[in-house]
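Values in this text are rule-based calculations from the coordinates and carry no lab data. In this text the structure is predicted, and so the values were computed from the model without any measurement. Ideal geometry is used to build each Cβ from the backbone, glycine not excepted, and the neighbour counts take in all protein chains shown.
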Amino acid sequence: MNIWIEYLTPKQLMFYKPIIDEAQRRGWNVLVTTRRYREIDFLAKKLKVNAQIIGKHGGGTLYGKLICSINRMKKLTPLIEKFKPDVALSTSPDAARVAFGLGIPHILANDSPHSIAVAKLTVPLSSKLLTPWVIPKDDWAKYGISNEDIIQYQALDPVMWLKHLNVKDKPVIPRTKQFKHLIVIRIEEAHASYMMFNKPTLIEDSIAILAQKAIDSLIIVLPRYSWQMRHLKSRFKDFKNVIILGKPIYGPSLLRKATLFIGSGGTMACEAALLGVPSFSYYPKELMHVERFLIEFGLLKRIKSEELVDVTITSLSNIDELRVKQQELSRRLWSFMEDPLTKIMSLIESFYSKV
């Protein structure tokens, strides 16, 4: 069996890595493609994924995204025509379009119906859609796929890599022994089509105030892009308890060391919640289904960006009790989730029997 898998983000790589490993274990021929992107390059090396790099990220403009997508599809088409996959698996508009154009069944894995542009460019072209059970089928059907072609699994996406990936990574964070607490902050998305802000981060000033008030805490800030990193390093160069990480890092390894996590929802918030780390989201727009589920379950708290400092200080004053409660909730959630890998591999294999 020939299977083509494409990933475009670190999250997609972590989600697809167990599938790649299992497909290779079964003796299938696997072609993996991606694009040039700072965080992906680091993680692919860490996870030992051998992917063909086709094109690059389109940046923060619609024009740039369109041109890079067109160029990628032009390069992907002859490669995929030669490989002749029985099925394609991705969350990629480029892969979905190429697969559809070449008559190859495409399986879409996606937990973000709020990302309208990606959904419009992938869902109608896909034979099947894989998604967590907390996302209603109606949220996907409106993009042009029938309910019977939507396959839900009873798990959140990070279960795939937290369960299956054994990454031996011990991030070296300087000065940690000098501080009582470790606060991890993930800067919000800026280039995604559903965000597109014109500033490095909504919480820059809040981080500065927090650093001055929580003097017994080391604050690790994770930018998403090089331009964010440069700006924040300049802003916080004189802060002794703020570190702007200049290199990508395997998130779960850092989160396991964290006292608490602050982000704008998304993958790291879900990872932190599943790892039992007290987690806060300052996502400024309408809540996404996964975040709403975590909030209702008690594993994630939503705050306004201007509340960040006060909420963090209050949480640190009661952190031991907060962590015990968080870890118990995490264990409860893990107890009723399934392993998505089993269902996904069965679906992929079903396409081979149709050929």
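Couplings for the stretch 151-160, taken from phi via the Karplus curve 6.51 cos²θ - 1.76 cosθ + 1.60 with θ = phi - 60°, read 9, 9, 10, 8, 6, 8, 3, x, 4, 4 Hz in order; Gly and Pro are left as x.
Classify the stretch 1-87 as rounded, prolate or oblate, taking a ≥ b ≥ c as the square roots of the eigenvalues of its Cα gyration tensor: rounded when a/c is under 1.5, otherwise prolate if a/b is larger than b/c and oblate if not. Cα axes put the stretch 1-87 in the oblate bin.
Compare the peptides 54-63, 211-220, 173-182 by average per-residue count of other Cβ atoms within 10 angstrom and give them in order, highest first. All intermediate terms of the calculation are to be shown ahead of the outcome.
Working: 54-63: 15.4, 211-220: 17.3, 173-182: 13.0.
Packing proxy ranking, top to bottom: 211-220, 54-63, 173-182.
Ordered by the number of other Cβ atoms lying within 10 Å of each residue's own Cβ, fewest first, SER115, SER226 fall into the sequence SER226, SER115. In the chain, taking the dipole from charged Cβ atoms about the Cα centre, the farthest positive-side position among PRO278, GLY27, LEU347 is held by GLY27. Positive-end ranking of ASN50, LEU165, ILE5 along the dipole of the chain, with charges on Cβ about the Cα centre, is headed by ASN50.
For the residue pairs LYS163/LYS343; LYS17/LYS65; LYS180/LYS257; LYS56/LYS120, the alpha carbons lie more than 18 Å apart in LYS17/LYS65; LYS56/LYS120. What ranking of ASP320, ASP157, ASP86 emerges when the number of other C-beta atoms within 10 Å of each C-beta is taken as an exposure proxy, fewest first? Ascending number of Cβ neighbours within 10 Å: ASP320, ASP86, ASP157. Of all complete DSSP H helices in the chain, those with a Cα span along the helix axis of 18 Å or greater and a mean Kyte-Doolittle hydropathy of -1.0 or more are 10-25, 62-83, 319-336, 340-354.
Dividing the mean sequence gap of close Cα pairs (under 8 Å, 6+ apart) by how many residues the chain holds gives a relative contact order of 15 percent. Measuring between their Cα centroids, the stretch 1-66 and the stretch 241-279 lie 22 Å from each other.
Phi angles across the stretch 118-123 convert, under the Karplus curve 6.51 cos²θ - 1.76 cosθ + 1.60 with θ = phi - 60°, into 3J(HN,Hα) values of 5, 4, 5, 8, 10, 4 Hz, Gly and Pro given as x.
Under the convention that each Lys and Arg Cβ holds +1 and each Asp and Glu Cβ holds -1, the size of the dipole of the chain around its Cα centre is about 1320 debye. Ellipsoid fit via the Cα gyration tensor, the stretch 176-336: semi-axes of 23, 19, 14 Å, each the root of five times an eigenvalue, largest first.
Convex hull volume per residue, computed on the Cα atoms of the stretch 243-343, equals 127 Å³. Residue farthest toward the positive end of the dipole of the chain, with Cβ of Lys/Arg at +1 and Asp/Glu at -1: which of PRO223, SER330, TYR16? Going by the Cα projections, it comes out as PRO223.
Each residue of the stretch 276-284 was assigned a 3J(HN,Hα) from its phi angle through the Karplus expression (A = 6.51, B = -1.76, C = 1.60, θ = phi - 60°), giving x, 8, x, 10, 10, 10, 10, 3, x Hz with x at Gly and Pro.
Against the globular-protein guess of 2.2 N^0.38 Å, express the Cα radius of gyration of the stretch 59-195 as a ratio, rounded to two decimals.
Normalised by 2.2 N^0.38 Å, the Cα Rg of the stretch 59-195 equals 1.31.
Ordering GLU321, GLU189 by the number of other Cβ atoms within 10 Å of each residue's own Cβ, fewest first, gives GLU321, GLU189.
At 37 °C and 0.692 mPa s, what whole-number value in µm²/s does Stokes-Einstein give for the translational diffusion of the chain, with Rh from the Kirkwood sum over Cα pairs?
Diffusion coefficient, whole number: 155 µm²/s.
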